[in-house]
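Colleague: Questions regarding the structure given below will be posed in turn.
The values are calculated or read from the model by the stated rules, or taken from the named source; none is laboratory data. The model shown is predicted, which means the values in this text are computed figures rather than measured ones. Here Cβ is always computed from backbone atoms with ideal geometry, including for glycine, and neighbour counts include all displayed protein chains. Calculation scope for accessible area: heavy atoms of the full protein, side chains included, ligands and nucleic acids excluded. Shrake-Rupley method; radii C 1.70, N 1.55, O 1.52, S 1.80 Å.
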Amino acid sequence: CKSDADCEHEGSLCADGPTTVCGEAVIIEFACFVPEDECRLDGDCEEPGAKCVLGHDAVRTCQLPEACSIPEPIED
């Protein structure tokens with residue numbers, strides 16, 4: 001979406017939503033709020049540290065930051 005007028009659901013807003021990798025927001029996309037969203041803001045998430053993240057299906061869900069592992073250097 002580019003504006004609220006692009007949203008199909010009555011009263012829905014076009015808003016940004018981060019897509020995360022390893023707990024860091026790397027892409028900010030815009031999508032309309034939909035009834036399936038479980039959150040609109042990080043503060044809507046009950047679990048401490050959870051973030052409201054826009055999924056590939058354009059639905060916002062609360063997710064804990066992903067744990068990323070950095071490979072150990074190979075020693076010769």
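Colleague: What are the pairs with Cβ atoms under 6 angstrom where one residue, in the stretch 1-19, is of a type in the set (A, V, I, L, M, F, W, C) and the other, located anywhere, is open to solvent by 50 Å² or more (accessible area, probe 1.4 Å) and in a strand (DSSP E or B)? Sequence gap at least six, or different chains.
Modeller: 1/30; 14/30
Colleague: Keeping to the stretch 1-17, report how many residues are surrounded by fewer than 17 Cβ atoms within 10 Å (Cβ to Cβ), hydrophobic (A, V, I, L, M, F, W, C) and touching a strand residue (DSSP E or B) at 6+ places or on another chain (Cβ under 6 Å).
Modeller: 1
Colleague: Another one. Checking the conditions here, which among 37, 57 is open to solvent by 40 Å² or more (accessible area, probe 1.4 Å) and either part of a strand (DSSP E or B) or at pLDDT 80 or above (or both)?
Modeller: Numbers: 37 fails: open to solvent by 40 Å² or more (accessible area, probe 1.4 Å).
Selected residue: 57, the only one of 37, 57 that is open to solvent by 40 Å² or more (accessible area, probe 1.4 Å) and either part of a strand (DSSP E or B) or at pLDDT 80 or above (or both).
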